[in-house]
Amino acid sequence: MEIKTGLKGESMTIVKDGNTAMDFGSGNVPVLATPMLIALMEGAAINAVEKFLPDGKTTVGTLIECHHLAATPKGMTVTAKAELVEFDKRRLFFKVEAYDEKEKVGEGKHERFIIDLNKFLERCQEKQEKK
């Protein structure tokens, strides 16, 4: 199989100590942190295409637009879903959504690019050496 529009992926977590707004410093409430919601959405997008990438390739996130619609308290499960809606050479564009056990808690758009992992890591190393 190959990368094509319509591919779908999921990522999930249980809200607990370590992934709440209080733990991330993004709020003072014990509910799923928005940065964690974004990470789940990115994970769902990665899971949609990862197995179709050639050896030595991976993806990096370059844009996310996220609307955090509802709070999810500790103990509940949140599942993020991603669907590849556009694919142009190296650019991947996803529709993302997230749900807890009761309702939709997030939605948005996410863009990733396919990169050569070794070249990317070499550039990062060069950047670190120049600091």
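The values are calculated or read from the model by the stated rules, or taken from the named source; none is laboratory data. Remember, it's a predicted structure, so these values are computed and weren't measured experimentally. Here Cβ is always computed from backbone atoms with ideal geometry, including for glycine, and neighbour counts include all displayed protein chains. Calculation scope for accessible area: heavy atoms of the full protein, side chains included, ligands and nucleic acids excluded. Shrake-Rupley method; radii C 1.70, N 1.55, O 1.52, S 1.80 Å.
A compact table of results
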| quantity | calculated |
| --- | --- |
| Test item: Cα-centred dipole of the stretch 55-131, Lys/Arg +1 and Asp/Glu -1 on Cβ, debye | 280 debye |
| Rel. contact order, % - alpha carbon contacts under 8 angstrom, at least six apart, the stretch 7-131 | 27 percent |
| Candidate lysines - alpha carbon under 30 Å from Lys89, same-chain residues fewer than 8 apart omitted | Lys4, Lys8, Lys51, Lys57, Lys81, Lys109, Lys119, Lys127 |
| Simple spin-label estimate for Lys4 and Gln125 in nanometres, 7 Å along Cα-Cβ | 3.8 nm |
| Ranked packing of 65-72, 3-10, most packed first, by mean Cβ within 10 Å | 65-72, 3-10 |
| Probe 1.4 Å, protein heavy atoms only - accessible area per residue of the stretch 1-60 in square angstrom | 56 Å² |
| Separation of the Phe52 and Leu117 label points, Cα + 7 Å toward Cβ, nm | 1.9 nm |
| For the chain, size of Cβ-based charge dipole, Lys and Arg +1, Asp and Glu -1, in debye | 280 debye |
| Thr20 long-range amide H proximity, modeled H, under 5 Å | Ala33 |
| Positive-end residue, the stretch 72-131 charge dipole about Cα centroid, Cβ charges, pick of Ile114, Gly75, Gln125 | Gln125 |
| Amide proton proximity set for Val105, modelled H, under 5 Å, gap of 5+ | Ala98, Tyr99, Asp100 |
| Sequence ranges 86-99, 112-125, 35-48, 18-31, ranked by mean other-Cβ count within 10 angstrom, highest first | 35-48, 86-99, 18-31, 112-125 |
| The stretch 10-131, accessible surface, carbon-and-sulfur percent (1.4 angstrom probe) | 50 percent |
